[in-house]
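What follows is a single structure, written as structure tokens, with notes after it.
The values are calculated or read from the model by the stated rules, or taken from the named source; none is laboratory data. All figures in this text were calculated on a predicted structure; none of them were measured in a lab. Note that we place each Cβ from the backbone using ideal geometry, even for glycine, and neighbour counts take in every protein chain shown.
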Amino acid sequence: MRAKLFFILLISAPFFGLSQYGSVELSSGGFSFIPAFTDSAPNVIINAGTGNKKLISGYMIGNVRMNTLSLRSLFFVTQIKLLDKKSKKLKLSGGIVFPLIQIEEDNTVNAYFSQRISANYLLSKKSILNATYIHGKGTNNDLEINLFSLSGIINQNKFSFTTQLYYLDLQSTYGIAETINYRLSSRFDLRGFLNQTVSSNQFIWTIGLRYNL
């Protein structure tokens, strides 16, 4: 167990050193770009990033299973601003996700390379509309996916609400997800997540406490 934890810290430490923000979350579930694939078992979610003020930015998210302290997934995202004029409400960015590593409970390691493009439209000072497309392909497996999502983001005082509609061409998976974030203090956030996969009638929810570094 100590060896697994050391490996996780070894991977994460260099990126945290270069990051402008970071957080560690204790959650009743994991994180996934695809809400239908959210882990329902307790996870530690590690997040770090360089911020988005510059032309090129990046961030990392890692999921660690609490019961074994084994790595469940790890990915790095690099993105570049394609359209980001201050006078315009529409923002456009593109990027890659690599490596994206998924480790099953039987220690099977699957790796993926993904491309993403995202558009944000500022509806008001407190609300944003986001559309994202992700194409992913396995580097050591035959899986290939296309994910489309449309999200509405509302910030209200200490609350943040994100409602997401998504479609995945793998087994025609589609559904709706809701993330509610409440800022307890400058360091702590309380985060709730709900997902209803309509295509398979599967419901999952998670709740987590996040510490902002």
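Before moving on, here are some points about what is shown:
- Single match in SER23, SER93, SER12 (criterion: surrounded by 14 or more Cβ atoms within 10 Å (Cβ to Cβ), modelled with pLDDT under 90 and within 19 Å of the chain's Cα centre (by Cα)): SER12
- Among the residues of region 47-61, those that are small (Gly, Ala, Ser) and out of contact with any helix residue (DSSP H, G or I) (no Cβ under 6 Å at 6 or more places or on another chain) comprise GLY49, GLY51, SER57, GLY58.
- Residue count, region 139-163 (criterion: of a type in the set (Lys, Arg) and part of a strand (DSSP E or B)): 0
Quick grid of which residues meet (1) touching a residue at least 12 places away in the same chain (Cβ under 8 Å); (2) of a type in the set (A, V, I, L, M, F, W, C); (3) exposed (fewer than 14 other Cβ atoms within 10 Å of the Cβ); (4) touching a helix residue (DSSP H, G or I) at 6+ places or on another chain (Cβ under 7 Å):
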{"site": "LYS81", "(1), (2), (3), (4)": "yes, no, no, no"}
{"site": "LYS88", "(1), (2), (3), (4)": "no, no, yes, no"}
{"site": "PHE113", "(1), (2), (3), (4)": "yes, yes, no, no"}
{"site": "SER118", "(1), (2), (3), (4)": "yes, no, no, no"}
{"site": "LYS126", "(1), (2), (3), (4)": "yes, no, yes, no"}
{"site": "LEU129", "(1), (2), (3), (4)": "yes, yes, no, no"}
{"site": "LEU147", "(1), (2), (3), (4)": "yes, yes, no, no"}
{"site": "LYS158", "(1), (2), (3), (4)": "yes, no, yes, no"}
{"site": "TYR166", "(1), (2), (3), (4)": "yes, no, no, yes"}
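- Comparison of TYR174, TYR166, TYR211, TYR182 shows that the only residue that is in a strand (DSSP E or B) and farther than 29 Å from LEU123 by Cβ is TYR211.
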